[in-house]
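Data block below; observations after.
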Amino acid sequence: ARVRGSKEARPRAAQGAAAPMAAAVAPHLLAVIADEDTMTGMLLAGVGNVDHRRQKNFLVVDKKTSTQQIEEAFKDFTTREDVAIVLIAQYIADEIRYTLEKYDKTVPAILEIPSKEHPYDPSKDSVLAKVQHLFSDSGDVSG
């Protein structure tokens with residue numbers, strides 16, 4: 001039987017085992033730039049996050065959202081250390097295609113997704129085109 005206050009009864013951390021300290025925050029969030037319907041689904045799935053600085057990891061795009069606001073959100077999400085993946089609705093990505101094509105980092109990864117009103121078109125996906133080009137140059141994948 002365990003005795004209250006004995007070494008056995010105490011949690012591991014209390015026994016002197018120290019948890020390793022992370023030097024920097026590892027990217028762990030999904031950021032999303034999408035229309036209201038897509039964002040509603042993402043938020044219901046638990047993707048939404050607002051940090052202590054009231055910084056959100058999502059942008060809901062509607063008719064009033066300017067291209068500049070979309071581009072600023074994209075640049076913000078791709079420079080944040082806590083974002084691992086940026087999901088962007090493909091029809092919205094078309095509005096900032098030149099910015100997406102200039103983006104060359106691997107983290108955060110950029111994934112274009114379909115929306116309710118706009119199906120996915122692989123011929124427009126600049127990230128997919130880069131991957132296909134990379135593999136076609138190396139001869140690993142036939143396309």
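Of the residues making up the range 61-95, those that are aliphatic (A, V, I, L, M) and buried (at least 16 other Cβ atoms within 10 Å of the Cβ) are 61, 70, 73, 83, 85, 86, 87, 88, 89, 92, 93. The set of residues from the range 81-135 being hydroxyl-bearing (Ser, Thr, Tyr) and under 18 Å from residue 71 (Cα atoms) comprises 91, 98, 99, 103, 126. Restricted to strands (runs of 3 or more DSSP E) entirely inside the range 28-94, those with at least 3 residues that are under 13 Å from the mean Cα position of the chain (by Cα) and free of Cβ contacts under 8 Å to residues at least 60 places away in the same chain are 29-35, 83-89. Counting residues in the range 100-123 that are within 13 Å of the chain's Cα centre (by Cα), without any contact (Cβ under 8 Å) to a residue 24 or more places away in the chain and surrounded by 13 or more Cβ atoms within 10 Å (Cβ to Cβ) gives zero. Scan the range 26-36 for residues that are loosely packed, with under 15 Cβ neighbours inside 10 Å and either in contact with a Ser or Thr (Cβ under 7 Å, 6 or more places away or on another chain) or modelled with pLDDT of 95 or more (or both) and the total you get is 1. Across the range 103-115, not a single residue is classified as closer than 16 Å to residue 34 by Cα, assigned to a helix (DSSP H, G or I) and touching a helix residue (DSSP H, G or I) at 6+ places or on another chain (Cβ under 9 Å).
The values are calculated or read from the model by the stated rules, or taken from the named source; none is laboratory data. What you are looking at is a predicted structure, and each value in this text was computed from that prediction instead of being measured. Reconstructed Cβ throughout: ideal geometry from the backbone, glycine too, with neighbour counts over all protein chains shown.
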